[in-house]
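Below is one structure, written out as structure tokens, with a few remarks after it.
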Amino acid sequence: MTTKITSARPAAGPRNGSRRRPPASSATKVGRPGFAWALPAAVFFALFAIVPLIMVAVLSFMSWDGISSPEFVGTDNWSRLMDDPVMFKSIWLTLLLTVLGVAVQTPLSIVLGVWAAGNQRNRAVLSVIYFIPLLLSATAVSVLWRALLDPNFGIPAEATWLFGDGNLFGEQATAIGVLAFVSTWQFTPFHTLIYQGAARAVPQVLYQAAEIDGAGRYRQFFHITLPQLRNSMITSMILMIVGGLTTFETVLILTQGGPGTDTTISAYYMYDKAFKGFDFGTGSAIALALVVAATIISLVVVRVSGYDKMRSTMEGVS
């Protein structure tokens, strides 16, 4: 019996020395989502933000009472605003309330957010109670505090030893104080939530290394926690600034710009001109000025803080 031995042929490979690429897996096919994914949001933003903004910009050069046909008047609306003392006063009051909001809410939110991120006893229950104002609308909060601070039937009427005659809305200083207090009471929980999430994202290894080096709780807070919260702090401040420049419901319900025009901020002055004075051209000019001012201030904060140069997704690491 004879056995025939044949040499095995080498498998046919690719010509010209090229290697065959493995089939692309599903993981390699996943990349940056296409524009089609963002198209619904882009259309929604264009319809309800860009288009109305363009209409307001055009209307700021018109004279329109809301009934008759708009009439082009050029820069007359802007010229009247430049000569209007109430407009400059409203700008000053808007900046004052914005600065007060940032100065009070920022440190308070940081302290409460860092505390809420810890493991203290009953922390969850106290956090839920504290975040209740976040669930209420600005209108509901304003109506609530208007009733509580009513000079005839509210808390000031019962505590005359503390509030004097009880009319906190009768003088500019106390009325501005009330507006600042109500805004702080309502929006501090929101910013606290931002800092709470950021504080929980701080790597624990940093605190462990600090403890080994003998750093106490206060040194850890100022040298580890605060620097790590830098990104969130800038984001929170920008939201406070934009919110302060566009505050409206609180002033409308609590003071209605009074006494006189002592609490007439720019957003309320826009409402007063457009919907009370039926001068929608001037009201649109004020609205456009607010948008431009908020945009410029936000860009300045971003550039000065270096927020635009941060590339890391880790909190506080640039």
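The values are calculated or read from the model by the stated rules, or taken from the named source; none is laboratory data. The model shown is predicted, which means the values in this text are computed figures rather than measured ones. Don't worry about glycine lacking a Cβ; one is built from the backbone with ideal geometry, like all the others, and counts go over all protein chains shown. Please note that ligands, DNA and RNA were not included when accessible areas were found on the heavy atoms of the full protein model with its side chains. Shrake-Rupley method; radii C 1.70, N 1.55, O 1.52, S 1.80 Å.
Results, tabulated for the structure shown:
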{"read-out": "Residue in the range 29-58 that is farthest from Trp78 (Cα to Cα), counting only those that are part of a helix (DSSP H, G or I) and open to solvent by less than 60 Å² (accessible area, probe 1.4 Å)", "value": "Ala38"}
{"read-out": "Residues located in the range 225-254, provided they are part of a loop (DSSP other than H, G, I, E, B) and of a type in the set (Ser, Thr, Tyr)", "value": "Thr246, Thr247"}
{"read-out": "Boolean, Ala175 is without any contact (Cβ under 8 Å) to a residue 12 or more places away in the chain and either of a type in the set (Gly, Ala, Ser) or not in a helix (DSSP H, G or I) (or both)", "value": "no"}
